[in-house]
Amino acid sequence: MDYSIVVDVFNEMEATSKRTELTDLIVRLLKSTPKELIDKVVYLMLGRLKPEYEGIELGIADKMALRALSISSGIDMKKVEEMYVRRGDIGEAAEEALSKRLQSVLFKDRLTVERVYSTLEKVAMLKGEGSQDVKIRYLCNLLNDAEPREGKYILKMVTAKLRLGIADYTLLDALAIAFTESKENREVLERAYNLTSDLGLVARVLVYGGLDAVKAIRMELFRPIRPMLAERVSSAEEALGRMGGRCAAEYKLDGERLQIHKHDDTVKIFSRRLEDITNHYPDAVDAIAGIRRARDLIVEGEAVAINQDTQEYLPFQELMHRRRKYGIEEAMKEYPITLNLFDILYIDGKECIDLPYMERRRILEDLISDVESSNSSSMVSIVPMLMVSDAKSIEDYMFKAINEGCEGLMLKDLNSPYRAGARGYAWIKLKREYRSELADTLDLVVVGAFHGRGRRTGRYGALLLASYNREDDTFYTVCKVGTGFTDEDLERFHTMLSPYILKHRHVRVNSRLDADVWFEPKIVIEVIASEITLSPLHTCALNVIREGNGLALRFPKFTGRIRDDKNAEDATSVDEIVSMYRRQLKVTRQVQSNEGSADRIE
Ligand code: AMP
């Protein structure tokens, strides 16, 4: 397959700001791809070479990519760098440099997708001493044969700057349209994706074996399953109502979610975003590898930092010490953790995800009681749980959990299977919401920024934040936040956001405000606010409560916490904000009516 076919569609994708057009373009590209390349083209569209969990990073330094461009075009490095600065985009710089190429290459080989992919794969895999020179050589080799517009996308890919705005869900839609003739089949594809976290694999199975083969896809050890997620409700009563009057209340611990796969002594740990974070937790690896009762396991749990003397849970921030490349052994000693399991998805050839919660919990309890009896000092335990059937017991248990350092409770439907990749009411999170005003935090996506003035000149003065709406896969703005930032935060945001700067608003962002700078929706931050109000400026839940108005946060403030365990799509949703707004109204009315009655008594 000629690489130019892919490149032409990429060019059109970049030019569109409509999601339906984007889907059509993906469908066209998928249909013109030979079967044996379908997975590779899927990964390339997503700016990757493999499923995300394999952790194969392209991202070579701009400087190195520019050097290859300079060698291949015969244009001085300084001039090439100037082009980059002037165009503000490495791809465009490549296109310009290659079209001004000094030595015209007479006999060029046409670039194929196979060749581009395998060369990029080699570039990504090369490590160690001397690898830089070899990488540059590989890149030059490609650029020498590339048309200028092909060079543009090669450089965007290798520097991890290809941003076509394609969400996983858009790709699933497109696959269903391209190969099953009906968008309705997307559910089948989505199930397979949730079990494998690999869109390339789903595409390959679909084109070779059709829908039946996709239906037969199963979970596998060492391939992460997309996590089940929780909803919020306004009260313990509502939660009970949704769960048939009885449910399990588990402690909601404030740590990092781990999905742990084990076969004999081999253990791998995936984060909530399905990155391989085995290296962060050598102690958890040992503890799980040491479980002799089961050869094969997939379990989920929360790693929580603890105070070794008192055995009390410590806040999430303490886990940050684990995210380092070096000195992890010291970090392990200094910042010990406990591993609190809350689910089991697989054990010795038996899939557990379709079993009801109660049965999974029983299997997990059996396993853990064995672990505890065989090793009394084990760091592995099961999350505390209480069966509840009235609001009072939920509130009491919540109080106990919070007193012990938890965030609140996780209520779980006794009959629900493990719904991979789904957010639903089978799990409901209840956090502290008893304080006045909005005590709950929101996790919002940074989609834009405004330049700072005065002390903040050269930094961002405020960030434009958005919530996520799953139905149309779009981010809707909900506030501008400019408080709560320390000087380090300002610095950090500037560096952290710069790889995601876009020329114009992202296709999946809906905003009435015009930001000075737009970003690809990637970074999620935590904010608090005094309340949610109606606002004509923001698009979150526009026209839902009142015509012409959306919902906005009043007095938003950054809490200092960057939620890098969350993808943009895991941000607080528009629906959640609507229900928080409604809940807040109820509370206000209650307070007003109480105040009213007090007035009358007086
Ligand atoms: P949130 O990040 O606020 O959407 O809350 C969901 C997260 O709570 C999960 O991804 C887990 O990391 C965490 N969590 C803590 N305790 C539990 C529990 N008992 N069951 C499930 N998730 C839990």
> Could we say that Glu92 is in contact (Cβ under 8 Å) with a residue 60 or more places away in the chain and open to solvent by 60 Å² or more (accessible area, probe 1.4 Å) here?
Replying inline: no
> So how many residues does region 344-369 have that are under 24 Å from the mean Cα position of the chain (by Cα) and within 15 Å of the ligand (Cβ to nearest atom)?
Replying inline: 3
> If you go through region 543-552 one residue at a time, do you hit one that is surrounded by fewer than 18 Cβ atoms within 10 Å (Cβ to Cβ) and closer than 25 Å to Glu488 by Cβ?
Replying inline: no
>> part of a helix (DSSP H, G or I) and surrounded by fewer than 20 Cβ atoms within 10 Å (Cβ to Cβ): which single residue out of Val80, Val123, Val85 fits that description?
In response: Val85
> Looking at region 450-458, is at least one residue open to solvent by less than 60 Å² (accessible area, probe 1.4 Å), within 16 Å of the ligand (Cβ to nearest atom), touching an Asp or Glu at 6+ places or on another chain (Cβ under 8 Å) and in a strand (DSSP E or B)?
Replying inline: no
> Mind checking which pairs have a first residue in region 276-300 that is more than 15 Å from Tyr346 (Cα to Cα) and among the acidic types (Asp, Glu) and a second that is within 16 Å of the ligand (Cβ to nearest atom) and assigned to a strand (DSSP E or B), Cβ under 8 Å, 6 or more apart or different chains?
Replying inline: Asp276/Ile269; Asp276/Phe270; Asp283/Ile337
> Going by the conditions given, is Leu341 part of a strand (DSSP E or B), more than 15 Å from the ligand (Cβ to nearest atom) and modelled with pLDDT of 85 or more?
Replying inline: no
>> Being more than 16 Å from Ile382 (Cβ to Cβ) and touching a Ser or Thr at 6+ places or on another chain (Cβ under 7 Å): is that true of Val285 here?
In response: yes
> Given the structure, is Glu334 open to solvent by 10 Å² or more (accessible area, probe 1.4 Å), free of Cβ contacts under 8 Å to residues at least 60 places away in the same chain and either within 16 Å of the ligand (Cβ to nearest atom) or in the same structural domain as Glu52 (by TED's automatic domain parsing) (or both)?
Replying inline: no
>> Just to check your reading of the model, which residue among Ala426, Ala391, Ala422 is at negative phi and within 12 Å of the ligand (Cβ to nearest atom)?
In response: Ala426
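Yes or no, residue by residue, for (1) modelled with pLDDT under 90; (2) within 16 Å of the ligand (Cβ to nearest atom); (3) hydrophobic (A, V, I, L, M, F, W, C):
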residue: Gly548; (1), (2), (3): yes, no, no
residue: Pro556; (1), (2), (3): yes, no, no
residue: Arg561; (1), (2), (3): no, yes, no
residue: Glu569; (1), (2), (3): no, yes, no
residue: Ser573; (1), (2), (3): no, yes, no
residue: Met580; (1), (2), (3): yes, yes, yes
residue: Leu585; (1), (2), (3): yes, no, yes
residue: Gly596; (1), (2), (3): yes, no, no
>> Consider region 297-328. How many of its residues are among the charged types (D, E, K, R), open to solvent by 30 Å² or more (accessible area, probe 1.4 Å) and at pLDDT 80 or above?
In response: 0
>> From the list Gln311, Gln317, exactly one residue is farther than 22 Å from Pro224 by Cα and more than 24 Å from the chain's Cα centre (by Cα). Which is it?
In response: Gln311
> Quick one: is Ala61 open to solvent by 50 Å² or more (accessible area, probe 1.4 Å), under 29 Å from the mean Cα position of the chain (by Cα) and within 30 Å of Arg272 (Cβ to Cβ)?
Replying inline: yes
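Do the conditions hold for Val6, that is, is it within 25 Å of the chain's Cα centre (by Cα) and at pLDDT 95 or above?
Numbers: within 25 Å of the chain's Cα centre (by Cα): no; at pLDDT 95 or above: yes.
When the stated conditions are applied, Val6 does not pass them.
Table: residues versus (1) within 26 Å of Ala571 (Cβ to Cβ); (2) within 14 Å of the ligand (Cβ to nearest atom); (3) touching a helix residue (DSSP H, G or I) at 6+ places or on another chain (Cβ under 7 Å); (4) among the charged types (D, E, K, R).
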| site | (1), (2), (3), (4) |
| --- | --- |
| Ile260 | yes, yes, yes, no |
| Val267 | no, no, yes, no |
| Ala284 | no, no, no, no |
| Ile298 | no, no, no, no |
> Say we look at region 381-407 and pick out the residues that are under 16 Å from Ala248 (Cβ atoms) and touching a Ser or Thr at 6+ places or on another chain (Cβ under 8 Å); which of these is surrounded by the fewest Cβ atoms within 10 Å (Cβ to Cβ)?
Replying inline: Ala391
>> Being under 20 Å from the mean Cα position of the chain (by Cα) and either within 14 Å of the ligand (Cβ to nearest atom) or modelled with pLDDT of 95 or more (or both) is true for just one of Arg272, Arg204, Arg218, Arg246. Which residue is that?
In response: Arg272
> If you go through region 230-245 one residue at a time, do you hit one that is within 25 Å of Asp564 (Cβ to Cβ), in contact with a helix residue (DSSP H, G or I) (Cβ under 9 Å, 6 or more places away or on another chain) and among the polar types (S, T, N, Q)?
Replying inline: no
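The values are calculated or read from the model by the stated rules, or taken from the named source; none is laboratory data. Quantities reported herein were computed from a predicted structural model and do not represent experimental measurements. Note that we place each Cβ from the backbone using ideal geometry, even for glycine, and neighbour counts take in every protein chain shown. The protein model used for the area step is the full one, side chains on, heavy atoms only, and it has no ligands, DNA or RNA in it. Shrake-Rupley method; radii C 1.70, N 1.55, O 1.52, S 1.80 Å.
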